[in-house]
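Before any comments, here is the structure.
The numbers here are math on the coordinates, done by the rules we state, and not lab data. Keep in mind it's a predicted model, so treat the numbers as computed, not measured. Quick reminder, even Gly has a Cβ in these numbers, built from the backbone with ideal geometry, and neighbours come from all protein chains shown.
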Amino acid sequence: MADIRVEHLTKTFGALRAVDDVSFAFPSGKVTCLLGPSGCGKTTLMRIIAGLEAQTAGAVYFGDHDVSRLSPSKRNIGMVFQYPVVYRGISVYRNIELPLQSMKLSRSERIRRVDEAIYLMGLTASAAQDVSKLDNGTRQKVAVAREVARQPQFILFDEPITNVDAASKLQLKRSLKELTRSLSQTIIYVTHDQTEAMTLADQIALMEEGKIVQCAPPRELYNHPADRFGGWFLGNPGMVFFTAALSGTDGARALASPLFPAPIAVSGATGEASDVTIGIRPEHIRLSADPLPGSVPAQVDRKTVQIGGQYLVALTVDGLANHGFKAKVAPSVGERLPASGPVHVALPLDQVSLFDAAGNRIAATLRPAGAPNRAQ
Ligand code: ATP
């Protein structure tokens, strides 16, 4: 097993820097999802690693081996694309077996690998069927099984679920989840779909405008985004943001906002920051018809039911610069709230993130003024 490393990797298309000086290691035996909005450079980065695209500058290493100038076939990687690549007119079994015939394998090893890949991808029932007769989702499973059976050191997935019909998506995602858990290969999985990344990844490398801006296990990335972009991009809806004033000097800082009944003591924040941004996930905002500890009065403008029964509640708080925002609450809470009218809102301090003027996370601990500082 080996890791994949890229060093100062850059790809320009004219004036556009599709991949912008990326240095990063994809750890061996782990699933790393490259996640980011459309056009941020995920596919280009993956294609350079695969050798399908030449880099403008920088290098790609598989373990200690510089593969920057090797052709794709010499890199010994498996690739699964958006559209399933299968040989039509022949069976599932033969599709998986064919690439193995050019490898120097004993017949028994070949059969073992095909059977194992068929089993792993849940294709036993369709093994004898002609792939032309299968739906897109099952064809994609065949494409995955074929790469798995070759046992390359690395497997690269480029949005394999995106073009599969809605009915097969969930099933394919489940199969991929089981598969990636049982494989020991180094896997890079490109997706713009955060649910897919959250489900499949050991770690998510979040991309923005040609750069990897943060890499962390899914939960950590979700709970502690390194910048406002991560807060906004992840979540449905993403984090809500409010401007707030941070006053005082190191050791005695206070955060004031109409969202808090009294200034909040902040420890850990250093530097000159005065205008900061508060970020909180909509599902962490607490709402109640009656006052809560640390709550302020708010106004419900609208409430709508979401898939899954949660309520999305549009609110306003007097004195807030950017005024309206949305909270997401459990059905049991949402049902009891008025469709419009007064309510009480509280931001649990341990769920609040602070960002500086450049949008970068400020490592700080928040507590009600007067409460003991446990960080000290
Ligand atoms: P998507 O999810 O939409 O595929 P992505 O994050 O994978 O997006 P890329 O496909 O890598 O993004 O593209 C990154 C940028 O490079 C985009 O602005 C795209 O238009 C541009 N780009 C990609 N390939 C080429 C090319 N061959 N010629 C010119 N520009 C390109």
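Worth pointing out:
- K104 paired with R69, simple spin-label distance in nm, labels 7 Å along Cα-to-beta-carbon: 2.7
- Sparse packing (at most 15 other Cβ atoms within 10 Å of the Cβ) combined with a DSSP loop state is found for the following trypsin sites (Lys or Arg not before Pro) in the stretch 315-351: R336.
- The chain, relative contact order [Cα under 8 Å, separation at least 6], %: 15
- Largest-first principal axis extents, alpha carbons of the stretch 236-368, Å: 44, 27, 23
- Here K42, K104, K11, K30 are placed in order of increasing Cβ neighbour count within 10 Å, fewest first, which gives K104, K30, K11, K42.
- Fewest-first sequence of E209, E196 by Cβ atoms within 10 Å of each Cβ: E209, E196
- Taking the Kirkwood radius as Rh and the Cα radius of gyration as Rg, the stretch 1-152 has a ratio of Rg/Rh equal to 1.03.
- In this structure, the residue pairs whose Cα-Cα separation is over 30 Å, taken from K30/K169; K141/K326; K30/K74, are K141/K326.
- Computed from the Cβ-Cβ distance with R0 of 35 Å, the FRET efficiency linking I307 to L183 stands at 0.65.
- The stretch 146-205 and the stretch 236-315 have their alpha-carbon centroids 36 Å apart.
- Each principal axis of the Cα cloud of the chain was evaluated for its coordinate range; sorted largest first, these ranges are 74, 46, 41 Å.
- The stretch 236-368, relative contact order in percent, only Cα pairs under 8 angstrom and at least six apart counted: 31
- This ranking places E116, E220 by how few other beta-carbon atoms lie within 10 Å of each, fewest first, which gives E220, E116.
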